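The values are calculated or read from the model by the stated rules, or taken from the named source; none is laboratory data. In this text, all values refer to a predicted model and were calculated from it rather than measured experimentally. Here the Cβ positions follow ideal geometry from the backbone for every residue, glycine too, while neighbour counts run over all protein chains shown. Remember, those area values only see protein heavy atoms, side chains included, never the ligands or the DNA or RNA. Shrake-Rupley method; radii C 1.70, N 1.55, O 1.52, S 1.80 Å.
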Amino acid sequence: MTVPAIKAGLAYFALVFAAGFVLGALRVTFLMPRLGERIAELGEMPLMFIIILIAARFVVRRFAVPPSMAARLGSGVLALVLLLAAEFMLAVVVQQRS
């Protein structure tokens, strides 16, 4: 994996995680009490999908990730691993789930 692909994966992780964190806080604070957990989550999903698409396009262009499948897939896998690790750590530390 190339250096631009690694930087893109890290940036993609940061953008998507930050957006998810902000939207999650807004969902829990404002939507869940009024609409319930499931409806609030379903309302957040399209916004996250759009953010994911925009972030992916942005980091590929910004970091000039080579058009090879390996470079772009590597960026995505790196971001996915970091997102899963962050979600797991938040679930264990903040929400005290096992």
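If you count only protein heavy atoms and use a 1.4 Å probe, how large is the accessible surface of Val81, to the nearest 10 Å²?
About 90 Å², ignoring ligands and nucleic acids.
Taking only C-alpha pairs under 8 Å that are 6+ residues apart, what is the relative contact order of the chain in percent?
48
In terms of the ratio Rg/(2.2 N^0.38 Å) built on C-alpha atoms, what value belongs to the chain?
Values: Rg = 15.3 Å, N = 98, 2.2 N^0.38 = 12.6 Å.
Ratio of Rg to 2.2 N^0.38 Å for the chain: 1.22.
Measure off 7 Å from each Cα along the Cα-to-Cβ vector at Phe58 and Leu35, then give the distance between these two points in nanometres to one decimal.
2.3
By how many nm would the segment from Leu47 to Phe21 grow when fully extended, if each residue of separation counts as 0.36 nm and the alpha-carbon distance is taken off? Walk me through the numbers before you get to the answer.
On the way: separation 26, 0.36 × 26 = 9.36 nm, distance 1.26 nm.
So the extension gain works out to 8.1 nm.
Which percent of the accessible heavy-atom area of the chain goes to carbon and sulfur, probe 1.4 angstrom? The partial results should precede the final answer.
Numbers: 5110 of 6940 Å².
Here carbon and sulfur together make up 74 percent of the probe-accessible area.
Probe of 1.4 angstrom, ligands and nucleic acids ignored: what's the accessible area per residue over the chain, in square angstrom? List each step's numbers first, then the result.
Details: 6940 Å² over 98 residues.
In whole numbers, the chain has 71 Å² accessible per residue.
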